[in-house]
Amino acid sequence: MEESVLEEIFLPLIKGCFDTEETKEVLLSTIDHKIQFHNKKLLNHYEKTGMKHIESSHRILELKELRNKLMRFLSNSDNTSFKIESIVKISIK
């Protein structure tokens, strides 16, 4: 039987140059989706075990803080003064 060899791959999830509004839309929707994912995970875990899923609870707090920092940063930027280059990479090992 042949064994499969896993390699490390990099996937450019978000790549490009965006103005402030586009950056807000792309990044906030991604963060919001991650929060929804962890909320569902938290609820499913609670329904099955009656206990809180600690990792998801912590991640939700981290993501909300990240979202707030991003909103503060973007609200202080002038839409016409610069572009924000966003590159988000996923590394699967």
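Quick notes on this structure:
- Förster radius 30 Å - calculated FRET efficiency between Ser91 and Asp19, Cβ distance, rounded to 0.05: 0.60
- Neighbour-limited loop hits for GluC sites (Glu not before Pro), the range 10-77 (at most 10 other Cβ within 10 Å; DSSP other than H, G, I, E, B): none
- Pairwise Lys count, the range 8-75 - Cα closer than 24 Å, eight or more residues apart or different chains: 19
- A Förster radius of 22 Å combined with the Cβ-Cβ distance from Glu8 to Leu61 puts the calculated FRET efficiency at roughly 0.15.
- Between Met51 and Thr30, the modelled labels are 3.3 nm apart [label points 7 Å from Cα along Cα→Cβ].
- Net charge of neighbours whose Cβ lies under 14 Å from the Cβ of Ser56, counting Lys and Arg as +1 and Asp and Glu as -1: +4
Read-outs: derived from the displayed coordinates by stated rules, not from any lab. Keep in mind it's a predicted model, so treat the numbers as computed, not measured. Cβ sites come from the backbone with ideal geometry, for glycine too, and all protein chains shown count toward neighbours.
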